[in-house]
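First the structure, in the form of structure tokens, and then the observations on it.
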Amino acid sequence: MQPRPSTFSIVARDPEKNAVGVAVQSKFVSVGSVVPFVSADAGAIATQSFANVAYGPDGLDYLREGHTAAEVVELLTDSDDEAPSRQVGVVGQDGTVAAFTGDECFDVAGDIQGETYTVQGNILENEETLEAMAEAYESTDGGLPERLLAALHAGNDAGGDKRGEQSAAMYIAKPEGGYDGGNDRWVDVRVDDHDHPIDELERVFKLYDITLLERETPEETVSLSGETATEVQETLADLGFYDGTPDTEFDDEAVDALESFRGMNNFENHSLVVLEDAIARGWEDADGDGEARLVEAIWNGLSRLERI
């Protein structure tokens with residue numbers, strides 16, 4: 001028998017953004033290559049617990065044909081002799097939600113549905129894992145990525161995978177959401193092998209967000225000044241971008257250094273003015289040091305702006 005990943009996941013839909021997605025964590029290498037299947041014109045599916053990866057493309061095709069999520073689950077499991085060992089969660093772009101947990105899935109296994117989401121897991125430490133995921137998704141502010149990540153963190157903190165942690169993934173689709181609008185792959189980040197994969201997934205997502213996702217234009221911006229300006233210049237100097245003497249004024253030389261940092265890190269998705277504004281607003285709450293703190297500050301500062 002193939003390895004059976006112990007896994008918890010959430011499948012969800014954001015009606016306002018017309019987006020659908022899956023977030024998942026498992027004691028299994030590269031869970032992102034096995035569990036999530038997402039398409040903006042159909043919906044999102046998580047297949048796990050001795051996963052049948054055919055459930056992904058077949059289920060999305062059924063959704064495109066007009067079947068509800070419950071009908072998709074029935075069609076997939078009725079034709080599968082190994083269905084008692086499987087789990088699947090389905091959310092359709094039509095707004096329907098359904099899940100299935102086979103009787104032979106290893107305990108603790110189960111699923112919970114809400115209006116726009118389903119959470120499911122197997123080989124869990126406890127039932128509270130799924131309850132915590134559902135509560136976190138419903139109570140977290142922000143966009144679909146933030147709510148999916150919050151669900152993973154909450155599930156892990158409540159008990160999570162009985163066998164531990166190894167990999168995590170988040171995959172979200174929306175129409176023309178991909179690079180330069182060429183496909184629907186709006187968010188696609190994975191951590192294939194890590195001691196703390198959900199934390200690492202969040203770090204990678206923040207880089208992805210700054211680099212690839214667009215935000216609304218701010219109505220007003222602020223410039224770096226005072227102690228924050230000095231600390232940012234010191235950081236840019238440590239990173240080799242700034243040769244001047246750090247000061248409370250963020251002068252032209254400092255702006256040029258920030259421009260070099262922006263180009264080196266592919267942050268051209270945001271204007272230099274917006275980037276400076278984001279750092280000014282997000283610096284105080286940013287953790288870490290060096291480049292990690294700069295990235296965290298930018299993400300914090302941009303978070304007030306709606307994603308497009």
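Here the label points at Asp285 and Glu16, each 7 Å from Cα along the C-beta direction, are separated by 1.7 nm in the simple model.
A straight Cα-to-Cα reach below 25 Å connects Lys174 with the lysines Lys17, Lys206, residues fewer than 8 places away in its own chain not being considered.
For segment 173-308, carbon and sulfur atoms together expose 39% of the accessible surface, with a 1.4 angstrom probe and every protein chain in place. Using the average count of surrounding beta-carbon atoms within 10 Å as a protection proxy, the listed peptides 19-29, 215-225 rank, highest first, as 19-29, 215-225.
The label point for Glu74 and the one for Asp141, both projected 7 Å from the Cα toward the Cβ, are 4.2 nm apart.
Over the chain, Cα pairs under 8 Å with separation of 6+ residues give a relative contact order of 15 percent. In order along segment 233-250, phi translates into HN-Hα couplings of 4, 4, 5, 5, 5, 4, 8, x, 9, 10, 10, x, 9, x, 8, 6, 9, 8 Hz, rounded to whole numbers, per the Karplus curve 6.51 cos²θ - 1.76 cosθ + 1.60 with θ = phi - 60° and x for Gly and Pro. The helix-based estimate of mean residue ellipticity at 222 nm for the chain, built from -39,500 (n - 2.57) per DSSP H run of four or more residues and divided by its residue count, is -11500 deg cm²/dmol to the nearest 500. Protection proxy ranking of 260-266, 87-93, by the mean of other Cβ atoms within 10 Å over each peptide's residues and highest first, is 87-93, 260-266. For Asp251 and Thr221, a Förster radius of 22 Å and the Cβ-Cβ distance give a FRET efficiency of 0.80, rounded to the nearest 0.05. Taking 1.567 mPa s as the viscosity and 4 °C as the temperature, the Stokes-Einstein diffusion coefficient of segment 1-124 based on its alpha-carbon Kirkwood radius rounds to 94 µm²/s. Reducing segment 76-149 and segment 183-253 to their Cα centroids gives an inter-centroid distance of 34 Å. At full extension, Met264 and Ser33 could sit 80.2 nm farther apart than now, given 0.36 nm per residue minus the alpha carbon distance.
The values are calculated or read from the model by the stated rules, or taken from the named source; none is laboratory data. For clarity, every value in this text was computed on a predicted model and none was experimentally measured. Don't worry about glycine lacking a Cβ; one is built from the backbone with ideal geometry, like all the others, and counts go over all protein chains shown. Only protein heavy atoms, including side chains, enter the accessible area calculation; ligands, DNA and RNA are left aside. Shrake-Rupley method; radii C 1.70, N 1.55, O 1.52, S 1.80 Å.
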